[in-house]
Structure formats: structure tokens, C-alpha cells
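Worksheet for the structure shown next.
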Ligand code: SF4
Ligand code: SF4
Ligand code: SF4
């Protein structure tokens, strides 16, 4: 038997498929294997009595981020995020405000306060726009910028993409370019729509799970933190103060004594004297020209009078 171009095709008997060292093999996740002995010992009914209706047993999570107790935890499926974060995790570090929790690793979604009482299992995470994935659980407080977070996870996916299919190879790069624009203050409202369009195409057409799930962090942050995206695009502001190019260094003219130390240290010659002398001071206070400022932060560490801040 010959193929269309005359080359020989495989003939039966086909070569036998061998596993590891020629033995029957089962490639699986360690966590899955770890469940097997206890199911054999205690029985399937016992195992199925733990967990939620469709997701049985327990789940291991890698609890990380801005939380008091980090580490690996094992909880029954159906445990709420609130119990995991506040009971097991000991709450948010430094008593700060909870902002989001990203579940499922780099392709998971970012969930918010409204999801805290959701029982966590495969189905509920998918319904909330995230996934169980690798069992990662990264907790974020109010110092996190959700646009920067989405960008961070997409950078990871772009690096991991094998490049075989264009939706993932090219589509994710286009999304990353748009997120970069937004975090640098060059984004437009059309860009936000374009992110959704690209995400929909990538999810539908990428060849494997990596590409199909890669837009999750972007989509979930667009859904749950829309105001933050609009602030970056319209107000050119990052409320968490994470996006460096959107930071604005300002001098409080009432606190500035006009010593000139900041002006001397500014590498961009962005600081100049004003005509204003604050009550109780002898020299005119300084001001920063935002169009020249390169946001190096040198002035803030130079000023001994706490007159400079980042907005
Ligand atoms: S979706 Fe999968 S196959 Fe396609 S480029 Fe990404 S990693 Fe490769
Ligand atoms: S170092 Fe501080 S006090 Fe001195 S001129 Fe600059 S802003 Fe004003
Ligand atoms: S942040 Fe840097 S560039 Fe901007 S005003 Fe201060 S010293 Fe100058």
C-alpha cells in the first residue's frame, strides 16, 4: 500500500505503544495520585461524601499573595473563599482591604469581594469566570493595580506560548501591546473593546488549553474592575500607584521651603522655582513640570521636608 506521493504508509501490525520502561503507564497529576490510596482504603462512597454536589473530595491550594498565612492548604471542595482567606489565611496582611483573589494559576480569573461567599469547586469557579487550574490562589489587597495584574499574567502566557497557532501566538501579543499602552497612559476606550474582541477570538480558536484560557485574567478584570480600566484610559490615573508612567510627582507649595535640593538632584531639569513664598518661609517654593518629569523618584528621596508626593 502506498501513500498519495508514492511513499510507503504504515502497515499492520502497527508498532506497539510502550509506557515508561516498557510498562503500562499512567501520566497524571501527583495530587490525583495522592487521592487514590485513600479512596481504595476508605471507599468511593466515603470520598464522595466530601465536597460539593459535582466536585468531590478535597482540593489543595497554594495560598499566596498579600495574606498573613501563606502555604499549601487542603480543604473540602465547596469551602468558601472567605473561609480560605480569613480563617485559614488569617486575613489580609497589615489589616489592609481585600481587593481580589486570582485562582487557577496564570490563566485563571480575578475574583472580587462579591465572590467571597461562593463555595469553591470546579463549576462555581468556571461560572465566576475563573478556574481551578493548577490550584494557585493569589490574594491581592488594595495596593494592587488590576490592569497591571492582567498584564503580568498575559506576559507569562506570551512567554509560555509554543507559537504553533496564531490566535495564541499573535493574538496574545496584540493584547499585551494594548495593556502596555493602557498602563503607560496611551490607551483609548476603543482599546478596551478591542481587548474583549481579541479575547473572544483567542478563547474560541486557540489550539490548546493554554491559549483558550489565556484571556481569563484580562476578561475577569475587565468585568470586575472596569472602573480601574476607565481611570487608566480616561483620567490617566492608576489608583494603586503601580503604573509608573501614570504617576504624578507633585510639590506641596505650602510645605516647600525652597531649599533647592530637589532641583539640584533632578536629572530631567523638571523642577523650577515658582513666584510663591509660603507663609513662614523665606524662599519661593518649587514646582514640577510633568511633561519633563521622568518619574525617577530622586526628588522625593531628596526632600527632607516631606513636600513631595506621588499622586
Ligand atoms: S494555544 Fe497552545 S498550541 Fe496554540 S500557540 Fe498557544 S500554546 Fe501553542
Ligand atoms: S527639596 Fe523639598 S523643600 Fe527643598 S525645594 Fe525641593 S520640595 Fe522644596
Ligand atoms: S521624579 Fe525625577 S524627574 Fe521627576 S521631578 Fe522628581 S527628580 Fe525630577
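The values are calculated or read from the model by the stated rules, or taken from the named source; none is laboratory data. What you are looking at is a predicted structure, and each value in this text was computed from that prediction instead of being measured. We place every Cβ from the backbone using ideal geometry, glycine too, and count neighbours over all the protein chains shown.
Of the set (1) at pLDDT below 95; (2) in contact with a helix residue (DSSP H, G or I) (Cβ under 7 Å, 6 or more places away or on another chain), all apply to residue 136 but (2).
Residues in the stretch 223-249 that are surrounded by 15 or more Cβ atoms within 10 Å (Cβ to Cβ), outside any loop (DSSP other than H, G, I, E, B) and touching a residue at least 60 places away in the same chain (Cβ under 8 Å): 6 in all.
Candidates in the stretch 266-282 are the residues that are more than 10 Å from ligand 3 (Cβ to nearest atom) and surrounded by 15 or more Cβ atoms within 10 Å (Cβ to Cβ); of these, the one that is farthest from residue 186 (Cα to Cα) is 281.
Look at the stretch 289-311: where a residue is at positive phi and a partner is away from ligand 2 (no atom under 14 Å from the Cβ), sitting 6+ places away or on another chain with Cβ atoms under 6 Å, you get 295/244; 295/247. Could we say that residue 263 is assigned to a helix (DSSP H, G or I), touching a strand residue (DSSP E or B) at 6+ places or on another chain (Cβ under 9 Å), more than 23 Å from residue 130 (Cα to Cα) and within 12 Å of ligand 3 (Cβ to nearest atom) here? So residue 263 passes the test.
Among the residues of the stretch 86-101, is there at least one that is touching a residue at least 60 places away in the same chain (Cβ under 8 Å), touching a helix residue (DSSP H, G or I) at 6+ places or on another chain (Cβ under 7 Å) and under 23 Å from residue 213 (Cβ atoms)?
If we filter the stretch 86-101 for residues that are touching a residue at least 60 places away in the same chain (Cβ under 8 Å), which is where we start, we get 100.
Within this subset, residues satisfying the condition of being touching a helix residue (DSSP H, G or I) at 6+ places or on another chain (Cβ under 7 Å) are 100.
When the remaining residues are screened for being under 23 Å from residue 213 (Cβ atoms), the result is 100.
Yes: one or more hits.
Among (1) surrounded by fewer than 15 Cβ atoms within 10 Å (Cβ to Cβ); (2) within 30 Å of residue 144 (Cα to Cα), which single condition is residue 299 missing? With respect to (1) surrounded by fewer than 15 Cβ atoms within 10 Å (Cβ to Cβ); (2) within 30 Å of residue 144 (Cα to Cα), residue 299 is out only on (1).
Residues checked against (1) surrounded by 16 or more Cβ atoms within 10 Å (Cβ to Cβ); (2) touching a strand residue (DSSP E or B) at 6+ places or on another chain (Cβ under 7 Å); (3) over 17 Å from residue 218 (Cα atoms):
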position	(1), (2), (3)
120	yes, yes, yes
126	no, no, no
139	yes, yes, no
142	no, yes, yes
153	yes, no, no
164	no, no, yes
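For the stretch 69-81, filtering for residues that are crowded, with 17+ Cβ neighbours inside 10 Å, under 22 Å from the mean Cα position of the chain (by Cα) and closer than 22 Å to residue 56 by Cα leaves 3.
Scanning for something outside any helix (DSSP H, G or I) and under 30 Å from residue 185 (Cα atoms), does the stretch 70-84 turn up at least one residue? Step through it out loud before you land on a result.
Here is the first cut: in the stretch 70-84, the ones outside any helix (DSSP H, G or I) are 70-80.
Remaining after also requiring under 30 Å from residue 185 (Cα atoms): none.
Within the stretch 70-84, none of the residues are outside any helix (DSSP H, G or I) and under 30 Å from residue 185 (Cα atoms).
Residue count for the stretch 175-193 satisfying the condition of being loosely packed, with under 15 Cβ neighbours inside 10 Å and either touching a helix residue (DSSP H, G or I) at 6+ places or on another chain (Cβ under 8 Å) or touching a residue at least 24 places away in the same chain (Cβ under 8 Å) (or both): 3.
Of all residues being part of a loop (DSSP other than H, G, I, E, B) and more than 26 Å from residue 240 (Cβ to Cβ) in the stretch 281-304, which is nearest to ligand 1 (Cβ to nearest atom)? Just the residue, please.
Filtering the stretch 281-304 down to residues part of a loop (DSSP other than H, G, I, E, B) leaves 281-285, 289-297, 303-304.
Narrowing further to those that are more than 26 Å from residue 240 (Cβ to Cβ): 281-285, 304.
Working: 281: 60, 282: 64, 283: 60, 284: 58, 285: 55, 304: 52 Å.
Ranking the candidates gives 304 first.
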